[in-house]
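First up is the structure itself, then whatever we jot down about it.
The values are calculated or read from the model by the stated rules, or taken from the named source; none is laboratory data. Since the model is a prediction, treat every value here as computed from it, not as a measurement. With ideal geometry, Cβ positions are generated from the backbone for all residues, glycine too; neighbour counts draw on all protein chains shown. To get the accessible areas, we keep the full protein, side chains included, count just its heavy atoms, and leave off ligands, DNA and RNA. Shrake-Rupley method; radii C 1.70, N 1.55, O 1.52, S 1.80 Å.
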Amino acid sequence: LYQLTMAQAYWQSGKTDTATFNLHFRDYPPNRAFLVFAGLADVLDFVEDLHYEGDDIEYLRSLSLFDGEFLRQTMESVQPDVVIHCAAMVSVDACEDDPKIAYACNSDLTGEIVRAAPDGCLTVYMTTDGVFRGDMPFMTEKDLPCPRTVYGKSKLHGEWSVQIASRDHLIIRTNFFG
């Protein structure tokens, strides 16, 4: 799902140059199907000669994570043991400009993804330290969230969706700069 989401966002933003998105999967004992590694050197070695064809690009453009049937079919055919959910509307300004879309992406979609996952599937949800006020460093899971932005509020609602829909979850609150 991460690959499809990243590719869809790439082409929906109007980019037309060649790009490849890939995750590496390895067997991981005990009782789990895989562990994800995303080393840039490995990815570059793997994708050096790969290119999408026109039909592939059109197919990726046609997909939508907001299509519940697509989510159900994907989960049913893959039967993942782990879903790493990284799809989000991450522009704080865009979230402030359009809260309805922010909540649709960061909360509603998250709930749909988790509910579509098979029973016993571990959901890893990438969220943000923006669920906190931002006036104190080094917050922990014991600190109460108090987001000040639509982005932070919508991601907190996403966390709640994960907690309600799945007993097997890992919520990672992080912050990426760049």
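Starting from one equal scatterer on each C-alpha and no solvent at all, send me the Debye-based log10 I(q)/I(0) for the range 75-178 at q = 0.12, 0.18, 0.19 Å⁻¹, two decimals.
-0.39, -0.83, -0.91
5 Å is the cut-off here: which amide hydrogens, built 1.01 Å from N in the peptide plane, fall below it relative to LEU122, excluding neighbours closer than 5 in sequence?
VAL82, VAL83
Just to confirm, what accessible area per residue do you get for the range 60-165 at 1.4 Å probe, in whole Å²? Display every interim value, and only then the final one.
Values: 5820 Å² over 106 residues.
With all protein chains present, the range 60-165 gives 55 Å² per residue.
Considering only VAL90, VAL124, SER64, whose Cα is most displaced toward the positive end of the charge dipole of the range 51-126, charges sitting on Cβ of Lys, Arg (+1) and Asp, Glu (-1)?
So the residue furthest toward the plus end is VAL124.
For a quick check of understanding: with a 1.4 angstrom probe and all protein chains in place, what accessible area in square angstrom does HIS169 have, to the nearest ten?
We get 70 Å² for HIS169.
Trypsin sites (Lys or Arg not before Pro), restricted to the range 60-140: which are DSSP loop and have at most 16 other Cβ atoms within 10 Å? Could the numbers behind the result be given before it?
Working: sites: ARG61, ARG72, LYS100, ARG115, ARG133; in loops: ARG133.
Loop-located and lightly packed - ARG133.
Rank these residues by their accessible area, most exposed first, probe 1.4 Å: THR140, THR174, THR128. Walk me through the intermediate numbers first.
Values: THR140 60, THR174 40, THR128 10 Å².
The ranking, largest first, comes out as THR140, THR174, THR128.
When only the heavy atoms of the protein chains count and the probe is 1.4 Å, how do PHE132, PHE66, PHE138 rank by accessible area, highest first?
PHE138, PHE66, PHE132
Where does each of MET89, MET75 land when they are ordered by accessible area, with a 1.4 Å probe and the largest first?
Details: MET89 35, MET75 10 Å².
Result, largest first: MET89, MET75.
For the range 107-160, just the Cα atoms, rotate onto the principal axes and tell me the three extents in Å, largest first.
For the range 107-160, the Cα extents along the three principal axes come out at 39, 21, 14 Å.
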